[in-house]
Each structure stands twice: as structure tokens, then as C-alpha cells.
Amino acid sequence: MNPVITAIKEKVKDILPEVVSIRRHLHQHPELSFQETETSAFLRRILDQHQIEYRDNLVGTGFVAEITGGQPGPVRAFRAELDALPIEEMTELPYKSMNLGIMHACGHDVHSACLLGACLVLNEMKAEIKGRLLFVFQPGEEKLPGGASLMLADNVFGAVLPVSIVAQHVFPELKAGEVGICAGLYMASSDEIYISIKGKGGHAAMPHNCIDPIVLASEVVLALQQIISRHGNPIIPSVLTIGKIESTGGATNVIPDEVKMEGTFRTMDEAWREKAHSHIISTVEHICLAKGATAEVKLVRGYPCLINEGNLTAAVKDKMVDFMGIDKVHDIPKRMTSEDFAFFAQQIPACFFRLGVSDQDGKWKHGVHSPHFQVDETALEVGVGLMVWLAL
Ligand code: NI
């Protein structure tokens, strides 16, 4: 085996208990998006103890740690997220969340602990580092507009953009000790849809005296599906889901005045994304106009499509194979979830890969964002080691 890899694996073994305890502390004290004050302070205290420099107060709780190597080279960046989700944890872990109704159910505790661990290891290996390494700890990945876009708007990298940015994300579909990677388009854009249909309420037995927003809403839900099936190019992945319908009032014998709906539109093509938005608006408006109702459609732009840059991703995959062996490195398919890391990827060659966290017998089959979500902590060894190896 490559002697550098052997050395990294030894250093990571030494530091692993500390990384696990950092992760457990974060898990026990989760904070919501853009409110990660304690999380940020806790991690920065550890940087202080090791005299690692950082810039803080970036979009509130965000910070960027920096290590300058002993050899000349480019600026390269790595990223982790700080925030947790508004979920009440249902696990029986001894380090279960102490903050009521908040849980690290998306593994951001793992990402932050691993990136900080990598930072600590690399700080001891400065002489071997080429160029400057930036470790971006970002707030608010789980909430629009997303901490990544705000950090970029805040000019987080200054005058010199990094030549690459890499992030890892927990992945319960793979076992701890394995990783997954996908070059090119990997994740979808994601936009929120808010629709309000105002009709005219009245007695359910006299619909001819009313404008029934429930019937119109039903028509709208089905018509929106035709935007995907009839307007969208079938070879471009697209999803439109209405996840919530609510009438203001109404009963068995009452037609309500208004129906509100919420949903999501996701795709993997930015041009089609724009077109689909205007189809959504005109479909809703015209259906309602034809029946004398009024419609309001609000589309809230979320994250763009996430593209893993080809050359960087190929290089990362090669390094993964060197580090863990080809049987632990999986090619994984595209998915329709979204990530605000995509904003970084729009400006910098980027690679977002997956860290397996399932236990070996597949006992925990709960996905991210589940109140039962758990990780096999042996994954942290790979999570730290791989980041160090990629940085070197
Ligand atoms: Ni996440």
C-alpha cells in the first residue's frame, strides 16, 4: 500500500475517538438552520485549541478554516454543513438529541465532525500539503435560500476562487466503509410551488350558485402532471408533486371559498426548469380563469441541479479506489433530491460524494430525515481519512 495512505490511516485511528466524541456532542446538541450558534462556537473552540486559523461570522454562524501547506500549490476547498432538522428524534441512542424537536437526521453532525477531524490531521501534516486548503463550515443547508448561496453572495472565497470543492454526505443505502460517486449530473434542481385558488363558497347542494375551488384544485393537480408527461422531454428527469391540499373551511354540505396547495418541481435541466415554471403558472391560471375563479401561483426558486465536474470526479474516484480498494467504491445513480452544494458547483469544479453509514447487517434501514435515522460510526474513519487523502 502507498506509504502516505498507511500513514494517514494510522493518524486517523489515533484521532478517531475524538472525532466520534465531537460527532456525538453535535448530535446531542442540534440546532436549526441559520441558528447554529453553539455548534459553530463548539467547533471553532477546537480549532482555537489547535491554533488553526479561521474566518468566522460568515452568514452568521458560518466559518472557513484555513491551512497553508509547506509547498506551493492552488487553493482547494472542502465543505460541511452545520444545521439540523425540525424532527423529534425517536432513537434510543445514549447521545440522543437534547433539544426538543430538533435532530441531526441528515448526518450534518457526521460531515462537520469528519471535516474538522480532517482539519486536525492535516494541520499536523502541513509540510506535505501543496497550496492552501479551505474548510467551509456552512449554515442552513436545509432551508431556502440555503447557506451556500448566501456564503457565495458574501464573497466567502475572496479574490481567489478555489480550483476545486469537495463535500461528502451520509448515505444509508451503502454500508459504513463504502462510498458512492456519480460523475456529471447527480442531483435535481428543486423549486417550491404555492397555489391558492379562490372561488365562491356556498351550499354544497347548490353548486350552480358557487365557484367550487375543490373541483378546480382537483383539475389543477391532474393538469400539472401533464406538464411533466406532455410538455417535458421524456429523456429529461422531472418530478412535480403536490404534497399538500387544504381548503379554508368547507364541510360535507359546504363548498369552501378557497383551496391552497403546496408542492415541489424538480428537474435536471436548467432551461426546461424555466419553461416548466411558466407552464405551471399558465396551467393554473387558465383552468381557474375558465371557471371564473382567481388563482395565485408562487414559485420559490430553490437549489439548482448539482453537477459533479467530470475531471475532478474521475480524479476523486481514482483516489478513493487507492484509499479503500475498488470493491468499496460504488458508482451510484442520479437522484431527484437536491443540495445547496450545487451553488458552489455552479462556480467551482465540484465533487459531492456519498459516505456509506449503514451497519453491516443492514439493521438500520431508515433514510435521512427519518426520526429513526442512525449511522454506524465506523463510517467516520473513512469520512476523515478520505478527506485527508483527497486534500493531500
Ligand atoms: Ni443533508
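The values are calculated or read from the model by the stated rules, or taken from the named source; none is laboratory data. As the structure is a computational prediction, the values presented were derived from the model and not from experiment. Neighbour counts are summed over all protein chains in view; Cβ atoms, including those assigned to glycine, are modelled from backbone coordinates with ideal geometry. Calculation scope for accessible area: heavy atoms of the full protein, side chains included, ligands and nucleic acids excluded. Shrake-Rupley method; radii C 1.70, N 1.55, O 1.52, S 1.80 Å.
When the accessible area of the chain is computed with all protein chains present and a 1.4 Å probe, what percentage of it is carbon and sulfur?
55 percent
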Completion exercise
In degrees rounded to 10, the 0-90 angle between helix 270-290 Cα long axis and the longest Cα principal axis of the chain is 20 degrees
Problem - Paramagnetic label zone (point 7 Å from Cα along Cα-to-C-beta, H366; backbone N under 14 Å) in segment 165-188 - result: 172
Practice task
Go ahead and run the numbers for FRET between D14 and K130, Cβ-Cβ distance against an R0 of 30 Å, rounding to 0.05.
Solution key: 0.80
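Averaged across orientations, what area in nm² does the convex hull of the alpha carbons in the chain project?
If you wrap the Cα atoms of the chain in a convex hull and average its projections, you get 21.5 nm².
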Fill in the blank from the handout: Longest principal axis of the chain (C-alpha) makes with the long axis of helix 213-226 (C-alpha) an angle, in degrees to the nearest 10, of 50 degrees
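Counting each pair of different Cα atoms once, what's the Kirkwood radius of segment 340-392 in Å, rounded to one decimal?
Kirkwood hydrodynamic radius for segment 340-392: 13.3 Å.
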Handout entry: Relative contact order computed over segment 190-303 (Cα-Cα under 8 Å; 6+ residues apart), in percent
Key = 43 percent
Handout entry: Length added when fully stretched, T68-I236, from 0.36 nm per residue minus Cα-Cα
Key = 56.2 nm
Problem - For segment 60-79 versus segment 1-25, the gap between their alpha-carbon centres in whole angstrom - result: 20 Å
Problem - Size of charge dipole - segment 185-275 - debye, nearest 20, with Cβ of Lys, Arg +1 and Asp, Glu -1, no other charges - result: 140 debye
Problem - Per residue, in Å², the accessible surface of segment 293-392 once ligands and nucleic acids are set aside, probe 1.4 Å - result: 42 Å²
Practice task
Quick one: angle between helix 310-324 and the longest Cα principal axis of the chain, in degrees between 0 and 90, rounded to 10, please.
Solution key: 50 degrees
Fill in the blank from the handout: When the charge dipole of the chain is computed with +1 at the Cβ of Lys and Arg and -1 at the Cβ of Asp and Glu, the Cα pointing farthest to the positive end, of C210, A183, P86, is that of A183
Handout entry: Rounded to 5, percent antiparallel among DSSP beta bridges of the chain
Key = 65 percent
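Order 112-125, 346-359 from most to least packed using the mean count of other Cβ atoms within 10 Å.
Listed from highest to lowest mean packing, they are 112-125, 346-359.
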Practice task
Pull out the extension gain between V254 and A204, defined as 0.36 nm times the separation in residues minus the alpha carbon to alpha carbon distance; nm, one decimal.
Solution key: 17.5 nm
Practice task
Would you mind pulling out the separation of the Cα centroids of segment 215-243 and segment 247-301, in Å?
Solution key: 11 Å
Completion exercise
Note: R301 to A314 extended length (0.36 nm per residue) minus current alpha-carbon separation gives 1.6 nm
Handout entry: Percentage relative contact order, the chain, counting C-alpha pairs under 8 Å, at least six apart
Key = 23 percent
Fill in the blank from the handout: Most fluctuating of S40, S97, S282 in the GNM of the chain (C-alpha, under 10 Å) is S282
Problem - Candidate aspartates and glutamates - alpha carbon under 19 Å from K96, same-chain residues fewer than 8 apart omitted - result: E18, E31, E36, E38, D83, E88, D109, D359, D376, E377
